[in-house]
Amino acid sequence: MKALRKFLDKIKPNFEPGGKFAPLQSVFEGFESFLFVPATTSRSGVHIHDTIDSKRTMTVVIIALIPALLFGMYNVGYQHYLAIGQLAATSFWTVFLYGLLAVLPKIVVAYVVGLGIEFIVAQMRHHEIQEGFLVSGMLIPMIVPIDTPLWMIAVATAFAVIFAKEVFGGTGMNIFNVALITRAFLFFAYPSKMSGDNVFVRTTDTFGLGGGTVVDGFSGATPLGQVATHVGDKLTLTNIVGEPLTTMDYFIGLIPGSIGETSTLAILIGAVILLATGIASWRIMASVFAGGLLTAWVCTLVDPSIYAAALLSPIDQVCLGGFAFAAVFMATDPVTAARTKVGKYIYGFLIGVMAIIIRVFNTGYPEGAMLAVLFMNAFAPLIDHYVVEANISRRLKRAKKA
Amino acid sequence: MANVVKLVNGLNLNLAGVASPKVERTIVSDTIAIVPDDFHGIVPKVVVKPGDAVKVGSVVMYDKTHPQVQFVSPVSGEVVAVERGERRKVLKIVINNNGKDDAVTFDKASTAVEVKQLLLQSGMWAYIKQRPYDVIADPDVEPRDIFVTAFDNAPLAPTLAYESLAGQDAQAFAKGVEALGMLTAGKVYVGVDSEDVTLSTSAEQVVFKGNFPSCNAGIQAHHIAPVNKGETIWTLNALDVVLIGRLLMNGRIDMMRTVAVTGSEVQSPAYVRTLPGTPMSEILKGNLIASSAARRVISGNVLTGVNVSIDGFLGAYHSQVTVIPEGNDTHEFLGWALPGVKALTTSRTFLSRWLPSRSAKPDARLHGGERAIIMSEEYDRVFPMDILPEFLIKAVIAFDIDRMEQLGIYEVAPEDFAACEFVDTSKLPLQEIIRKGLDALRKEMN
């Protein structure tokens with residue numbers, strides 16, 4: 001490592017103002033601080049600092065996303081081979097490889113576009129490259145359907161990074177979750193590619209792997225898609241080849257859906273990592289689930305002939321769609337969530353409530369979890385405002401009494 | 001009587017280099033220095049020049065904005081230099097100690113007016129700080145209450161020094177508290193950390209249980225009787241009250257204090273007795289671990305102290321010296337990804353938090369770059385007041401005076417944010433932000 005350090009020290013002057021590669025200073029510093037913890041020492045205030053920094057924080061979130069990502073890759077392959085009727089004849093690793101090849105380009109595109117913009121902006125503003133997009137770039141591929149074209153992901157990512165983050169001042173300053181803005185942009189700009197029955201299962205081959213024709217009786221509708229179009233009072237959700245599904249299936253997650261969202265189990269493993277390390281707020285996470293379960297229960301009381309989702313049990317509701325993913329990874333984004341203790345309970349609870357309400361009562365949108373988070377992002381500052389005002393009025397009251 | 005305040009939020013760091021509880025020696029240095037920067041917020045006017053003879057208690061400078069507030073020499077001897085820096089700012093006044101200990105004798109004081117006059121003349125006023133603004137108390141304003149802190153739970157704190165409050169300094173402490181009681185119509189409160197401590201004073205004793213910063217006067221005042229807009233309180237450290245008591249008992253000043261020499265770079269951490277302004281090189285002579293790497297010499301503790309370097313002097317308010325490695329030539333490869341078995345941290349993302357606590361040897365590195373405030377509720381965990389630290393910090397950065405007042409700026413001092421600054425993932429200089437905010441506010445308001 002000494003040799004690498006020496007090499008960096010040798011080429012460093014080229015990147016400083018006046019050097020040959022001065023326009024790449026931020027990029028160089030980004031890589032340097034990625035390789036070696038900066039040796040800057042404190043110049044005022046405390047003389048020792050906690051070893052944690054934002055790189056470490058973001059790394060932990062990415063680690064927490066990995067179970068859901070790996071499961072999502074496998075599930076992409078699983079749904080594909082199920083659709084073409086070759087699942088039993090295909091090995092586990094081939095199924096996984098198919099999913100890996102299908103998902104990897106999306107991750108690469110999201111990172112290249114997002115980090116590219118991040119690098120340029122960092123250089124323009126002469127500040128360090130910030131780590132926030134490392135998480136956003138991983139989230140984006142996980143919340144889109146597998147058949148979303150790469151160019152759409154590129155356009156949406158660019159839009160979100162520029163207009164939802166950089167114009168507000170970069171990581172830590174944004175009002176809306178960057179990954180969710182990407183998703184919302186795609187949803188409203190290209191609705192036909194983001195919902196419906198034909199985008200959640202890839203039926204064609206990927207890089208020549210897994211060719212074949214779909215079996216008879218195939219339907220690519222997600223469980224929530226089926227609920228949205230369901231009429232009558234007996235609801236049986238099926239997988240893509242028409243076999244009935246149980247709550248356990250929703251929980252394990254071998255069902256069609258956005259890449260990273262289907263497996264509640266894998267998401268909960270991520271949740272355990274986030275909570276054990278103390279990176280995500282348990283207050284938000286718990287209250288999203290509380291709000292969701294409560295509202296889902298209330299919704300079972302409405303007339304199922306008008307609102308078919310009333311037939312789903314509260315447990316099914318939180319296992320299906322993007323609810324768990326939104327609760328664990330989206331709602332807990334500290335920058336866009338409420339920042340006060342009390343505010344977090346309110347914020348999380350309302351996300352749970354909104355998500356289920358959109359799902360049940362707006363049949364135009366089969367899924368509402370992501371929109372609910374985005375909606376509450378806008379209200380988080382308002383919630384905090386009232387919590388802060390309460391603190392202020394306590395102080396004023398005390399002054400009057402004295 | 002058991003007046004106990006339990007505080008949950010706080011910071012407990014286990015560092016290497018705790019001073020063993022014995023006073024090793026008394027250090028009488030040939031030269032001592034008075035550093036005006038120690039007394040934040042004053043405009044120094046030096047009244048001595050090189051060659052002048054001074055006694056223990058002779059005035060060497062005063063505050064231009066409050067000429068009554070004087071600062072005195074802790075030794076007798078001769079002024080050798082008045083060093084100035086840019087724009088003729090006084091850096092230090094160096095005095096040669098002749099070791100004779102000739103002292104100015106002060107008159108006895110028995111009324112409130114006399115006591116105040118005595119404290120101002122004898123330089124003891126400098127130990128009285130006020131909230132708001134955390135500066136030396138304005139002699140024209142009578143305090144609502146006076147808060148004396150009689151323990152310290154910062155990392156490697158000089159606990160032995162505080163034990164003397166119930167021992168050999170008990171009488172002086174009681175005398176000092178009694179004198180302070182004359183200067184306020186309100187009460188004098190003494191904050192201690194255990195019900196077992198009984199300090200025989202006329203003050204009201206309050207027990208504070210919890211980790212750092214529960215030893216800070218601001219935290220204690222907040223839980224006893226918080227400062228509202230327009231009110232002024234005084235805050236003092238009990239070890240400084242002892243100096244006031246000695247003056248009242250003996251009619252002369254005696255600034256000798258017990259100082260803990262601590263930190264992982266100190267060979268045998270222990271206590272010494274010495275005067276403020278003693279050179280660090282004398283205090284640490286022969287007691288540093290042999291090493292070629294840079295080290296940081298701090299007057300005070302690692303959270304609120306001042307980096308004075310080995311050429312510096314013991315600060316006027318400090319009873320502790322800490323020496324840690326600087327760490328500026330440590331380049332940790334992929335440090336953000338390491339398990340962190342030895343990391344000093346409050347974060348459970350490092351293995352060290354899951355292992356039994358071991359004493360750490362931290363250096364002065366930030367361990368990361370400065371960022372916007374990303375994580376929420378991080379400061380709250382180590383901030384035991386009903387104040388929203390993050391929102392207050394943001395108001396101070398924006399210098400929105402109304403908002404700062406509403407959020408409680410008058411109750412806080414930079415030291416109250418020391419623990420927040422340590423845990424901050426975004427590596428913001430919070431104490432500096434609060435200090436600048438308070439200074440600007442003081443300017444704006446006066």
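The values are calculated or read from the model by the stated rules, or taken from the named source; none is laboratory data. The structure displayed is predicted, hence computed values, not measured ones. Note that we place each Cβ from the backbone using ideal geometry, even for glycine, and neighbour counts take in every protein chain shown.
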Condition check: within 14 Å of chain B (Cβ to nearest Cβ), under 30 Å from residue B:430 (Cβ atoms) and of a type in the set (A, V, I, L, M). Does residue A:27 satisfy that?
no
Answer yes or no as to whether residue A:178 is more than 30 Å from residue A:336 (Cα to Cα) and either buried (at least 16 other Cβ atoms within 10 Å of the Cβ) or under 18 Å from the mean Cα position of the chain (by Cα) (or both).
no
Quickly run through segment B:301-316 and pick out the residues that are crowded, with 18+ Cβ neighbours inside 10 Å and more than 13 Å from chain A (Cβ to nearest Cβ).
B:312, B:313, B:314, B:315, B:316
Test residue A:171 against the criterion of being crowded, with 23+ Cβ neighbours inside 10 Å, in contact (Cβ under 8 Å) with a residue 40 or more places away in the chain and of a type in the set (Ser, Thr, Tyr), and give yes or no.
yes
Residues that are within 12 Å of chain B (Cβ to nearest Cβ), in contact (Cβ under 8 Å) with a residue 40 or more places away in the chain and surrounded by fewer than 21 Cβ atoms within 10 Å (Cβ to Cβ), drawn from segment A:264-276:
A:273
Anything in segment B:408-445 that is in a loop (DSSP other than H, G, I, E, B) and either under 17 Å from residue B:129 (Cα atoms) or aromatic (Phe, Trp, Tyr) (or both)? List them, or say none.
B:412, B:413
Of all residues in segment A:124-134 being touching a residue at least 12 places away in the same chain (Cβ under 8 Å) and within 15 Å of residue A:162 (Cβ to Cβ), which is surrounded by the most Cβ atoms within 10 Å (Cβ to Cβ)?
A:133
Quick one: in segment A:1-24, of everything that is farther than 15 Å from residue B:331 by Cβ and in contact (Cβ under 8 Å) with a residue 24 or more places away in the chain, which residue is nearest to the other protein chains (Cβ to nearest Cβ)?
A:24
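Residues checked against (1) under 21 Å from the mean Cα position of the chain (by Cα); (2) of a type in the set (Phe, Trp, Tyr); (3) over 23 Å from residue A:132 (Cβ atoms); (4) surrounded by fewer than 21 Cβ atoms within 10 Å (Cβ to Cβ):
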residue: A:322; (1), (2), (3), (4): yes, no, no, no
residue: A:326; (1), (2), (3), (4): yes, no, no, no
residue: A:338; (1), (2), (3), (4): yes, no, no, no
residue: A:342; (1), (2), (3), (4): no, no, yes, yes
residue: A:352; (1), (2), (3), (4): yes, no, yes, no
residue: A:361; (1), (2), (3), (4): no, yes, yes, yes
residue: A:367; (1), (2), (3), (4): yes, no, yes, no
residue: A:391; (1), (2), (3), (4): no, no, yes, yes
residue: A:401; (1), (2), (3), (4): no, no, yes, yes
Subset of segment A:244-254 [of a type outside the set (Gly, Ala, Ser) and either free of Cβ contacts under 8 Å to residues at least 24 places away in the same chain or touching a Phe, Trp or Tyr at 6+ places or on another chain (Cβ under 9 Å) (or both)]:
A:244, A:245, A:246, A:248, A:249, A:252, A:254
So, of the residues in segment B:233-242 that are of a type in the set (A, V, I, L, M) and part of a helix (DSSP H, G or I), which turns out to be nearest to residue B:138 (Cα to Cα)?
B:241
Which of the residues belonging to segment A:369-386 are surrounded by fewer than 20 Cβ atoms within 10 Å (Cβ to Cβ) and within 14 Å of chain B (Cβ to nearest Cβ)?
A:381, A:385, A:386
How do the helices (runs of 4 or more DSSP H) wholly within segment B:130-232 filter down when requiring 3 or more residues that are buried (at least 21 other Cβ atoms within 10 Å of the Cβ): which remain?
B:170-182, B:217-224
Looking at A:144, A:61, A:95 in this structure, which one is without any contact (Cβ under 8 Å) to a residue 24 or more places away in the chain and buried (at least 20 other Cβ atoms within 10 Å of the Cβ)?
A:95
Of the residues that sit in segment A:154-205 and are away from chain B (no Cβ under 14 Å) and polar (S, T, N, Q), which one is nearest to residue A:368 (Cα to Cα)?
A:195
Residue by residue through segment B:241-256, note down the ones that are closer than 20 Å to residue B:300 by Cα and surrounded by fewer than 22 Cβ atoms within 10 Å (Cβ to Cβ).
B:256
Condition check for residue B:256: at pLDDT below 95, in contact with a Pro (Cβ under 9 Å, 6 or more places away or on another chain), of a type in the set (A, V, I, L, M, F, W, C) and under 28 Å from residue B:123 (Cβ atoms)
yes
Pull out all pairs, ordered by first then second residue, where Cβ-Cβ is under 6 Å, the residues are six or more apart or on different chains, the first lies in segment B:418-446 and is more than 14 Å from residue B:394 (Cα to Cα) and charged (D, E, K, R), and the second is surrounded by fewer than 18 Cβ atoms within 10 Å (Cβ to Cβ) and at pLDDT below 95.
B:427/B:370
Screening B:413, B:419 for residues that are buried (at least 21 other Cβ atoms within 10 Å of the Cβ) and within 9 Å of chain A (Cβ to nearest Cβ) leaves only B:419
What do you reckon, is residue B:322 within 22 Å of the chain's Cα centre (by Cα) and either part of a strand (DSSP E or B) or among the aliphatic types (A, V, I, L, M) (or both)?
yes
Qualifying position, being polar (S, T, N, Q) and closer than 20 Å to residue A:95 by Cα, among A:229, A:213, A:246, A:236:
A:213
Output the residues belonging to segment A:263-315 that are over 16 Å from the mean Cα position of the chain (by Cα), under 27 Å from residue B:347 (Cβ atoms), polar (S, T, N, Q) and part of a loop (DSSP other than H, G, I, E, B).
A:277
(1) touching a residue at least 12 places away in the same chain (Cβ under 8 Å); (2) outside any loop (DSSP other than H, G, I, E, B) all hold for residue B:375 apart from (2)
Counting only strands (runs of 3 or more DSSP E) entirely within segment B:1-54, those with at least 3 residues that are β-branched (Val, Ile, Thr) and closer than 24 Å to residue B:279 by Cα are B:31-34
Total residues in segment B:330-359, condition more than 9 Å from chain A (Cβ to nearest Cβ) and in contact (Cβ under 8 Å) with a residue 40 or more places away in the chain
3
Answer yes or no: is there a residue in segment A:154-171 that is in a loop (DSSP other than H, G, I, E, B) and within 23 Å of residue A:327 (Cα to Cα).
yes
Residue match in segment A:85-106 (condition: within 14 Å of chain B (Cβ to nearest Cβ) and basic (Lys, Arg))
no
